[in-house]
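Single-structure report; data block below.
Read the figures in this text as sums done on the coordinates, not as results from a lab. Only a predicted model underlies this, so the values are computations on that prediction, with no experimental measurement involved. In this analysis, Cβ positions are derived from the backbone assuming ideal geometry, glycine residues included, and neighbour counts consider all displayed protein chains.
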Amino acid sequence: MSAAPVIAIDGPSGSGKGTIARRVADALGYHLLDSGALYRLTALAARRRGVELDDAAALADIARGLDVMFGSDADGEEQIWLDGEDVTAELRTEETGAGASRVAALQPVRKALLDLQRAFRKPPGLVADGRDMGTQVFADAGLKVFLTASAAERAERRYKQLKGKGIGVSLAALSREIEARDRRDAERTVAPLRPADDARMLDSSGLSIDEVTNIVLDWARE
Ligand code: C5P
């Protein structure tokens, strides 16, 4: 039996990966993996249990034992539960994002999350978004997209996204935090953020969500 097809969508924070991945998955009737949420959940669970964000062994244990459930609310917005508690809002804060980027730099944590991520690959197919979907987790994906956007546009999008969720932030502070996180993700030694050799590059600056979604769908149908 051949494995279910995978569309890998990687890129820096705020490039629109999450939104595009969801749209593409909906259009194709595929499953969806928001891999960043797993790193965010690991950081959040660690904070709640008083585990330091550099304790690789303890963090890997947390990652391996994550009790997580993905779903959506009445408006179709993503909802995520940790240990039976709705943690969606807390998961999206830039503080949790920064924690995620710290735990994500630890090889034992990445290894602990591998099987969990690969278990999302089921018929009829999977759209997976993250930083290393095309390079590590699903290196055999049939389509790999590396989604980017200008730094200003990414900060702006993230700002609107957080504000829409009622999370208060300043645009300037957010820009600085996103830059720091991107630098850490790109410069780390394990699974650094970079396009796979066979990834198709897509700069979404100035494009609408529909336009980007349609480009990816055209590629998927090729
Ligand atoms: O995509 P999101 O902003 O939710 O990811 C949060 C953090 O998790 C990223 O900054 C990155 O450090 C880490 N991550 C990763 N590999 C993935 C997905 C996310 O290292 N596949």
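Take the Cα of ALA119, step 7 Å along the line toward its Cβ, and report every residue of the stretch 42-64 whose backbone nitrogen sits under 20 Å from that point.
Only 42-46, 58-64 pass the distance filter.
Using 0.36 nm per residue of separation minus the Cα-Cα distance, give me the extension gain between GLU211 and ALA173 in nm, one decimal.
On the way: separation 38, 0.36 × 38 = 13.68 nm, distance 2.95 nm.
Full extension from GLU211 to ALA173 adds 10.7 nm.
Counting DSSP beta bridges with both partners in the stretch 6-213, what percentage is antiparallel, nearest 5? Mind dumping the intermediate values first?
On the way: 7 of 24 bridges.
The answer is about 30 percent antiparallel.
Projecting each Cα onto the charge dipole of the chain (Lys/Arg +1, Asp/Glu -1 at the beta carbon, about the Cα centre), which of LEU44, ALA112, ILE20 comes out farthest on the positive side?
Toward the positive end, the furthest listed residue is ALA112.
Starting from the alpha-carbon convex hull of the stretch 6-213, give the projected area averaged over all orientations, in nm². Working shown, then result.
Details: hull surface 43.8 nm².
Quarter of the Cα hull surface area: 11.0 nm².
Give LYS122/LYS163; LYS17/LYS122; LYS17/LYS163 a once-over and call out the pairs whose C-alpha atoms are over 23 Å from each other. It would help to have the intermediate numbers written out before the result.
Numbers: LYS122/LYS163 34 Å; LYS17/LYS122 20 Å; LYS17/LYS163 18 Å.
Checking Cα-Cα distances, LYS122/LYS163 exceed 23 Å.
Tell me whether the stretch 1-113 comes out rounded, prolate or oblate; compute the Cα gyration tensor, take square roots of the eigenvalues as a ≥ b ≥ c, and use a/c under 1.5 as the rounded threshold. It would help to have the intermediate numbers written out before the result.
Details: a/c = 1.75, a/b = 1.46, b/c = 1.20.
Prolate.
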